[in-house]
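Taking it in order: structure first as structure tokens, then the write-up.
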Amino acid sequence: MFPNHSDRVGYQYPQDGLLQVFDVVPESEIRQPKQLDTHGYNAMPVIKNGLTTGTTVGWVNGLESLVRYYPDHELEFTALETTILSYGGRGAFSEKGDSGAIILDRGGRIVAMLTGGGGTAGENDVTFGTAWYDLEPHIKKTLPGCFLYPPVPDD
């Protein structure tokens with residue numbers, strides 16, 4: 001999750017090994033990440049734990065639109081989805097059965113909810129997720145007073 005050494009300043013591994021969910025990554029940061037990749041370019045590493053693939057890591061690439069056309073059914077639609085690419089040939093970021101998994105940045109902020117994927121199960125894997133900054137207001141409107149990520153008390 002920290003491919004660039006200079007990007008690790010101030011990081012401490014959680015004492016219990018669990019990443020605490022505490023906030024949401026804003027749209028501006030998804031579009032212009034503050035973290036660094038191996039070469040020093042801005043990029044956002046992410047992590048998720050899905051039912052099928054378990055814990056995997058990937059990169060948000062900032063693309064937020066997907067157009068699908070099904071000529072057999074004369075259907076065409078555009079979906080606004082955040083896309084995630086697998087992390088450098090380490091297998092697929094997601095597979096069938098991982099839908100609904102929450103995708104986090106390395107600090108514990110929610111990036112998206114996994115909604116699907118495509119491509120091969122190798123380096124070309126693409127995962128799609130609904131951006132949480134867009135999804136959360138709808139959840140709170142439907143379920144007023146809900147707590148989506150309450151803090152876990154320190155022991």
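Each reported figure results from applying straightforward, stated rules to the coordinates on display, with no laboratory input. In this text the structure is predicted, and so the values were computed from the model without any measurement. Here Cβ is always computed from backbone atoms with ideal geometry, including for glycine, and neighbour counts include all displayed protein chains.
Once R0 is set to 22 Å, what does the formula 1/(1 + (r/R0)^6) return for the Cβ-Cβ distance between Leu18 and His39, expressed as a FRET efficiency to the nearest 0.05?
That gives a FRET efficiency of 0.15.
Label sites at Ser28 and Asp134, each approximated as a point 7 angstrom past Cα along Cα to Cβ, lie 1.9 nm apart.
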